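Here the structure comes first, spelled out in structure tokens, and everything after it is commentary.
The values are calculated or read from the model by the stated rules, or taken from the named source; none is laboratory data. Since we're looking at a predicted model, the values are computed, not measured. Quick reminder, even Gly has a Cβ in these numbers, built from the backbone with ideal geometry, and neighbours come from all protein chains shown.
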Amino acid sequence: MSELIAIAYDDMYKAEEVRLALLKLQKEHLIELEDAAVVIKDPEGNVRLNQAINLTGMGAVSGGFWGLLIGTLFFMPLAGAAIGAATGAIAGALSDIGVNDDFMRELGQTLGPGTSALFILVRKFTPDKVLEEIAPYGGKVLRTSLTKDKEAEIQEVLTNRGLHPQSATQ
């Protein structure tokens, strides 16, 4: 089962920096992410989502391939590819995997202007090593599906910016 963790940052770009750090840790097999999305609230107060996976683009590519293949069978490969890409893009745009977009937008509205938040779904991770890497970025825990004790530990490490990483337990 995946755990949801949402962390707010006082900078528009900080959440994206942390997401990149987590993706690096994922390559090192220290964390397994199901989803990692960033919500940015610009200085004008507009909320914007940055998803890790572009479902519209993936749907268009997949649909284009299958449309081309089926279109070739009926001697209309270009029409099949165009129709397949269009339907794939629509299906991808209507899909929602990972953290619910409406939930992220709703929580994003509570952020102050010029700030950001990171929403991650974590399958598993090595707490001491991961927290040590993200602690220097600081942040405030907004929501989690973790126990209150684990949530408090994460907030303590972020507040102290890694000064006491040994307090994090597995």
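For residue 159, state whether it is modelled with pLDDT of 85 or more and hydroxyl-bearing (Ser, Thr, Tyr). Reasoning before the result, please.
Details: modelled with pLDDT of 85 or more: yes; hydroxyl-bearing (Ser, Thr, Tyr): yes.
Taking the combined requirement at face value, the residue satisfies it.
Matching residues to (1) more than 22 Å from the chain's Cα centre (by Cα); (2) buried (at least 16 other Cβ atoms within 10 Å of the Cβ); (3) modelled with pLDDT of 65 or more:
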site	(1), (2), (3)
4	no, yes, yes
14	no, yes, yes
36	no, yes, yes
53	no, no, no
60	no, yes, no
72	yes, no, no
78	yes, no, yes
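Do the conditions hold for residue 123, that is, is it part of a strand (DSSP E or B), exposed (fewer than 13 other Cβ atoms within 10 Å of the Cβ) and modelled with pLDDT of 85 or more?
Taking the combined requirement at face value, the residue satisfies it.
State the number of residues belonging to the stretch 102-120 that are without any contact (Cβ under 8 Å) to a residue 60 or more places away in the chain, assigned to a helix (DSSP H, G or I) and not aromatic (Phe, Trp, Tyr).
Number satisfying all stated conditions: 2.
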